[in-house]
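Submitted below is the structure of interest, expressed as structure tokens.
The values are calculated or read from the model by the stated rules, or taken from the named source; none is laboratory data. Everything numeric in this text was worked out from a predicted model, so none of it was measured. Here the Cβ is made from the backbone with ideal geometry for all residues, glycine too, and neighbour counts use every protein chain on show. For accessibility, only protein heavy atoms count, side chains too; no ligands or nucleic acids. Shrake-Rupley method; radii C 1.70, N 1.55, O 1.52, S 1.80 Å.
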Amino acid sequence: MNGRLFINICCVLSLLFILNGCTKLQTIGFENKNGQITEKRNRTNDVSFIMGCGILTGPKGSGERQPEKAVKEQSEIDDILDGAVRLKVVLNKDIVIRQKDFSVTIRDKKIIRDIVSMIKDSTPLVDESVINKMSGALTKNNILIFTLKNGNEKEMSFRFDNLHEFGYIEVGNKKIVPKYDFFRYLRDFKEYRNFSTSVETDVIKLFKKYNWTVDYKINAFSERLPSNLQHAGGEFPVKLYWAYNNELSREVGLDFTGYLGKKVKVEIYRLREPLPEFMKPRRNSRGVVLKYDGKIIGAFIDAGRHDSFACSL
């Protein structure tokens, strides 16, 4: 995922709207080193955030466990998670963008498996003082309701802060911290209502090769490519859009200029990992695949229908 090609062509970015579908990742923070602010790749859950004129530091050592306690806590969490056959996600109203409460019931086995896996990979929250330092972008009073095979229901509540990319889950009287990908995953249920976890193997392998994880298919539709990529003044910039994305696709050896003028299938996928750091504050990533007669002829990354930027795989 390092060294991706990124092209900033402002006049074509709006065309990304036509795609309307609709190891462990490290946390990037900042620290004061030798009197200067430098970028640091976090490896021990010691997360630092610049806030105002000072530095807000997350729970240092929050990922450290005492063996006996960790085993007991994990056992209690496993009792809740194992055997879940249905999951209801309730997201509290978002005051910032004036959205009301949202809920969705998930029965798809892969989606439940993904969520369970991310919860099991969480670490205990040791220093709870960080909770009081969460920003006004905090989304609270969210609930996960797991329905087990025996019909019993188990609840977990969670909070997350989009500004600092930090959140935690409450399991009984314990608090655990998953990777922030977990909260982005849940939040995207608001955006993508008609997803499909039926993803072809060649698509999964292509994105995995470049360290991307495909979560599910967002949309698929047919689109006729322009006959050429030479834009003329006064034309709607469709050709620029495809020229732009062909350059991104060529970075992974997929040049689709040989299919110009043909009708291709466009498939859009939600990706687990966030966009590269240089694209902040845009975080959510989508994989776009072009196919002709079932063969992958092009692929690139976009940031969703609301954020018109893209990069290569």
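Let me confirm something: among W212, W242, which residue is open to solvent by less than 50 Å² (accessible area, probe 1.4 Å) and modelled with pLDDT under 95? Working first, answer last.
Details: W212 fails: modelled with pLDDT under 95.
The conditions single out W242.
Can we say K205 is among the basic types (K, R) and over 23 Å from I80 (Cβ atoms)? Walk me through it before giving the result.
Working: among the basic types (K, R): yes; over 23 Å from I80 (Cβ atoms): yes.
Judged against the criteria, K205 is a match.
Another one. For residues in the range 259-290 being acidic (D, E) and over 12 Å from F207 (Cα atoms), which is most open to solvent (accessible area, probe 1.4 Å)?
Of the range 259-290, the ones acidic (D, E) are 267, 273, 277.
Filter once more, so that each one left must be over 12 Å from F207 (Cα atoms): 267, 277.
Details: E267: 2, E277: 62 Å².
If we take residues in the range 259-290 being acidic (D, E) and over 12 Å from F207 (Cα atoms), then E277 is most open to solvent (accessible area, probe 1.4 Å).
Filter the range 169-189 down to the residues that are open to solvent by 40 Å² or more (accessible area, probe 1.4 Å) and under 17 Å from V90 (Cα atoms) and list them by number.
Result: E170, R187.
Here is a follow-up. Note down all Cβ pairs under 7 Å where the first residue falls in the range 253-281 and is on the phi > 0 side of the Ramachandran plot, the second is modelled with pLDDT of 95 or more, and they're at least six residues apart or on different chains.
Taking only residues 6 or more apart or on different chains, the pairs are G261/L225.
Something else: What is the number of the single condition among (1) under 18 Å from the mean Cα position of the chain (by Cα); (2) among the small types (G, A, S); (3) over 24 Å from D108 (Cβ atoms) that G287 does not meet?
Result: G287 passes all but (3).
Provide a single number: the residues in the range 117-154 that are open to solvent by less than 50 Å² (accessible area, probe 1.4 Å), more than 22 Å from the chain's Cα centre (by Cα) and among the β-branched types (V, I, T).
Number of matching residues: 3.
Determine which single condition A220 fails, assuming it passes every other condition in (1) outside any loop (DSSP other than H, G, I, E, B); (2) within 30 Å of V264 (Cα to Cα); (3) open to solvent by less than 20 Å² (accessible area, probe 1.4 Å).
(3)
With (1) outside any strand (DSSP E or B); (2) at pLDDT 95 or above; (3) not basic (K, R) as the list, and H164 as the residue in question, which single condition is left unmet?
Failed condition: (2).
Something else: Within the range 223-238, identify whether any single residue is touching a strand residue (DSSP E or B) at 6+ places or on another chain (Cβ under 8 Å) and surrounded by fewer than 20 Cβ atoms within 10 Å (Cβ to Cβ), and answer yes or no. Please lay out each step first, then the result.
Taking the range 223-238 and keeping what is touching a strand residue (DSSP E or B) at 6+ places or on another chain (Cβ under 8 Å), we get 223-225.
Okay, now just the ones that are also surrounded by fewer than 20 Cβ atoms within 10 Å (Cβ to Cβ), so 223-224.
The answer is yes, given that some residue of the range 223-238 is touching a strand residue (DSSP E or B) at 6+ places or on another chain (Cβ under 8 Å) and surrounded by fewer than 20 Cβ atoms within 10 Å (Cβ to Cβ).
Taking only the range 155-168 into account, find how many residues are closer than 21 Å to L271 by Cα and either open to solvent by less than 40 Å² (accessible area, probe 1.4 Å) or touching a Leu at 6+ places or on another chain (Cβ under 6 Å) (or both).
Initial filter on the range 155-168 (closer than 21 Å to L271 by Cα): 160-167.
Of the ones still in play, those that are also either open to solvent by less than 40 Å² (accessible area, probe 1.4 Å) or touching a Leu at 6+ places or on another chain (Cβ under 6 Å) (or both) are 160-161, 164, 166-167.
Looking only at that region, the number is 5.
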